[in-house]
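Beneath this line is the structure, given in C-alpha cells, with notes to follow.
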Amino acid sequence: MSDKEMELGIQPLDAIMEERGLKNHDLVAASKDRLTHKQGQKGRKGRRLTRNIQDKIVASVSSCTGESYAVSQLFTYR
C-alpha cells in the first residue's frame, strides 16, 4: 500500500473525543488491552489501523464515555 492509501484523513473518533474533552492519554488509561498513545493518535488522524487496534480504541472510548460505540461510528473505513 502506498502512503496515500494509508492516510485517510481525520476520523469521526477525533470529533467525538474533542466534544467530550478526551485526550489520547485518557484512552490509554482506560484501555484494558494495552492501547498506546501512538495508536490513539494514528486512529484520530486517519492512519489505516488493523481491526484489532480499531477494536481496542472502540473499547477504550466506550469505557471513557460510558456509551457504547461501533467501529463504524469512529472510523470511516474498514
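Laboratory data are not the source of any read-out in this text; all were calculated from the coordinates shown. All figures in this text were calculated on a predicted structure; none of them were measured in a lab. Neighbour counts run over all protein chains shown; Cβ positions are idealised from the backbone, glycine included.
Points worth noting:
- The set of residues from the range 57-73 being within 9 Å of the chain's Cα centre (by Cα) and under 15 Å from residue 25 (Cβ atoms) comprises 57, 60, 61.
- Qualifying positions in the range 16-32 - closer than 14 Å to residue 58 by Cα and either touching a Gly at 6+ places or on another chain (Cβ under 8 Å) or surrounded by 12 or more Cβ atoms within 10 Å (Cβ to Cβ) (or both): 16, 17, 22, 24, 26, 27, 28, 29, 30, 31
- Scanning the range 48-73 for residues that are in contact with an Asp or Glu (Cβ under 9 Å, 6 or more places away or on another chain), buried (at least 17 other Cβ atoms within 10 Å of the Cβ) and not β-branched (Val, Ile, Thr) gives 56, 59, 60, 64.
- Against the test of being touching a residue at least 24 places away in the same chain (Cβ under 8 Å) and hydroxyl-bearing (Ser, Thr, Tyr), the options 31, 72 yield a single qualifying residue, 31.
- Segments classed as helices (runs of 4 or more DSSP H), wholly inside the range 1-55, with at least 3 members that are among the hydrophobic types (A, V, I, L, M, F, W, C): 12-20, 24-30
- Every pair of residues 6+ apart whose Cβ atoms lie under 8 Å, when the first sits in the range 57-69 and is without any contact (Cβ under 8 Å) to a residue 60 or more places away in the chain while the second is among the charged types (D, E, K, R): 59/32; 59/33; 60/33; 63/32; 64/20; 64/26; 65/20
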